[in-house]
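The values are calculated or read from the model by the stated rules, or taken from the named source; none is laboratory data. Remember, it's a predicted structure, so these values are computed and weren't measured experimentally. FYI the Cβ positions are ideal-geometry reconstructions off the backbone, even for glycines, and counts take in every protein chain you see. Remember, those area values only see protein heavy atoms, side chains included, never the ligands or the DNA or RNA. Shrake-Rupley method; radii C 1.70, N 1.55, O 1.52, S 1.80 Å.
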Amino acid sequence: MTPIIGVTATLKEDIDQVAERPLGHFVRADLDYVAGVAEAGGAPVVLPPVGERRMAEAVIGGLDGLLLSGGSDLDPRYYGEEPSPELGPTIPERDAFEVALLEVALRRGIPVFGICRGLQVLNVVLGGTLYQDLPSQFGGEVLKHRQTTPKWQATHEIEVRDGSYLAEVAGRGVVKVNSYHHQGIKDLADGLVVSARSEDGVVEGIEGTDLSDRWLVGVQWHAEAMRGASRQQRALFEAHVSAAEHHARRQAAA
C-alpha cells in the first residue's frame with residue numbers, strides 16, 4: 001500500500017512588484033518536501049494552515065504519517081515565554097494549526113517527522129522549550145547556523161549518537177549537514193532523546209524513546225534540500241514512509 005503523508009505548509013502574501021499592491025494570500029509548501037515523500041514511496045498531501053482544531057481533526061483521519069516542515073519562528077507563548085527582541089516573524093494561523101494537528105497526530109500514534117521548525121514544534125508540543133535566538137541566548141561559542149550558501153550544500157558537521165535510531169538511518173559518527181535556523185531546543189521534552197548535536201552543543205536530532213510504540217523523529221537541518229547530494233538524507237524520508245506504511249497496516253488490521 002502507498003501511505004498518505006501530510007506535509008504542513010505556510011502562508012505567504014505576494015506583492016505586485018510593479019504596482020506594489022497585494023496579489024493575494026497563498027498556501028506555500030516547498031516542493032523539496034513533497035518530492036522527498038514521493039521519492040520515498042509515499043503519497044504527499046499538502047495541508048493548508050487553516051481551521052485549527054476542527055480542521056486538524058478532519059484531515060488527520062486520512063493520514064498515515066505527518067511531516068512538519070520548516071519555516072517561520074514558533075510563537076514563544078506556546079512554551080510559556082514572552083517574545084524576545086531577537087524573535088523572527090511568526091505566523092499565528094500556522095502555529096495554531098500545526099500545534100492542533102500535532103496534538104491529534106500524537107494521540108492517534110501517527111508517525112511524525114519534523115524538519116527544522118518541525119523539530120522545534122514537536123519538542124514544544126510534547127512539553128519542551130526553545131532558545132528564541134541561539135546567538136544571543138545559547139551562551140558560549142555558537143556556530144553559524146544560518147548559512148547563505150545554496151541549500152543543498154553542507155556547512156557544518158554533527159555528531160550522531162551511537163546506538164540511536166538516527167545512527168541506523170543516517171549513519172554513525174559525523175554527518176555533514178546544511179543549516180538555516182536561529183532557534184533551537186533548550187529544554188528537551190519528556191518522551192524524547194537527543195540523537196545528534198553540532199560541535200557547539202546545539203541539538204540537531206531528536207527521536208522518541210520508544211519508536212515501536214510511537215515513531216517520532218526530528219532533525220534541525222533541512223534534509224529535504226540535500227536528498228540529491230546524500231543517500232543519508234533520502235534514507236530519512238524512506239524511514240518515515242516505512243513507519244507510516246506500518247502504521248496504516250496495523251490500523252487496517254485492528
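Odds and ends about this structure:
- Label reach from residue 199 (point 7 Å along Cα→C-beta): in the range 147-171, amide nitrogens under 16 Å belong to 154-160.
- Sequence-separation-based contact order of the chain, relative, with Cα cut under 8 Å and 6+ spacing, percent: 21
- For residue 151, the lysines whose Cα comes closer than 18 Å to its Cα, not counting residues fewer than 8 places off in the same chain, are 176.
- Over the chain, dividing the summed -39,500 (n - 2.57) contributions of all DSSP H runs of at least 4 residues by the number of residues returns a 222 nm mean residue ellipticity of -9000 deg cm²/dmol.
- Heavy-atom accessible surface of the range 189-254, averaged per residue, reaches 41 Å², computed with a 1.4 Å probe.
- Translational diffusion coefficient (Stokes-Einstein; Kirkwood radius from C-alpha pairs) of the chain at 25 °C, 0.890 mPa s, in µm²/s: 134
- Sequence-ordered 3J(HN,Hα) estimates for the range 192-209 from the Karplus curve with 6.51, -1.76 and 1.60 and θ = phi - 60° stand at 10, 10, 7, 10, 7, 9, 7, 5, 8, x, 5, 5, 10, x, 9, 7, x, 6 Hz, glycine and proline given as x.
- With N as its number of residues, the range 55-148 has a Cα radius of gyration that, divided by 2.2 N^0.38 Å, comes to 1.16.
- Estimated translational D of the range 105-197 in µm²/s (Stokes, Kirkwood radius over Cα pairs; 25 °C; 0.890 mPa s): 168
- Apportionment of accessible area to carbon and sulfur, the chain, percent (1.4 Å): 50
- Area accessible to solvent at residue 144, 1.4 Å probe radius, in Å²: 140
- What the range 1-145 shows is 45 Å² of accessible area per residue, with the surface traced by a 1.4 Å probe over protein heavy atoms.
- Protection proxy ranking of 88-95, 244-251, 4-11, by the mean of other Cβ atoms within 10 Å over each peptide's residues and highest first, is 4-11, 244-251, 88-95.
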